[in-house]
């Protein structure tokens with residue numbers, strides 16, 4: 001439950017930050033009457049994300065066992081790419097995201113006709129990015145967990161993000177966004193490393209990767225995967241109680257350079273989204 005909650009909280013805060021910047025700028029420039037158009041773009045982006053997620057889930061249910069393992073591996077690899085790009089994109093874009101959104105809004109209104117359509121398209125692509133990122137991660141997370149805990153955690157994350165976004169918009173909540181995105185970014189990279197290791201395992205179970213399958217160590221007697229703590233660590237970090245050489249190599253080869261690059265000082269300096277507490 002914790003991992004889907006955290007991912008959806010971060011994705012939701014990113015989306016809420018984008019929507020908040022758009023709404024504030026429209027209000028400041030006397031264009032507040034266009035907010036219903038913004039909501040159309042948001043709802044279309046959410047509809048696309050739900051449709052993609054439902055289609056992929058329906059497709060996977062029809063696959064035979066080995067094909068399901070391959071599908072799980074592919075979704076896991078896509079999720080790793082998406083999560084990693086999300087973390088590094090926000091690290092880079094945080095400094096200029098507000099100015100870029102303002103420029104996009106102004107560009108949409110510079111068109112003599114179809115101002116509403118231009119605004120819808122701009123909002124749609126801004127929010128759809130977050131939604132589609134969430135879809136691929138949640139598919140990977142749901143495939144590695146049973147029961148209602150993961151969907152419930154995702155729902156709670158969305159609700160918490162909405163509350164935080166609204167608090168930031170009305171100016172009643174101050175949040176150090178730089179610190180928030182930094183530490184959730186570290187956690188997400190650890191999650192991505194675990195998903196990558198499990199994707200390698202799924203490729204083996206699908207019969208496509210049979211190299212380096214020697215078990216490095218066996219923790220099944222001390223911390224079995226089906227124990228409460230083992231299940232928690234598996235859901236959070238992709239813990240495997242009997243990892244093979246290929247799974248461990250994939251984890252280490254990903255997480256070490258990813259953390260070094262992410263935690264290294266940014267040459268661009270501190271991002272302008274270091275804190276947020278006002279809708280403007």
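Overview of values
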| item | result |
| --- | --- |
| From the options 168, 164, residue that is in a helix (DSSP H, G or I), crowded, with 18+ Cβ neighbours inside 10 Å, touching a strand residue (DSSP E or B) at 6+ places or on another chain (Cβ under 7 Å) and at pLDDT below 75 | 168 |
| Hey, residue 253 surrounded by 12 or more Cβ atoms within 10 Å (Cβ to Cβ), at pLDDT 85 or above, out of contact with any helix residue (DSSP H, G or I) (no Cβ under 7 Å at 6 or more places or on another chain) and in a helix (DSSP H, G or I) or not | yes |
| Residue satisfying all of: in region 106-120; part of a helix (DSSP H, G or I) and in contact with a helix residue (DSSP H, G or I) (Cβ under 7 Å, 6 or more places away or on another chain); modelled with the highest pLDDT among these | 120 |
| Pick from region 8-33, criterion on the phi < 0 side of the Ramachandran plot and outside any helix (DSSP H, G or I), ranking: modelled with the highest pLDDT | 29 |
| Qualifying positions in region 34-68 - without any contact (Cβ under 8 Å) to a residue 12 or more places away in the chain and either closer than 23 Å to residue 97 by Cα or not in a helix (DSSP H, G or I) (or both) | 36, 39, 43, 62, 63, 64 |
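The values are calculated or read from the model by the stated rules, or taken from the named source; none is laboratory data. Model, not experiment: these values are computed from the prediction. So basically every Cβ, Gly included, is an ideal-geometry build from the backbone, and we count neighbours across all protein chains shown.
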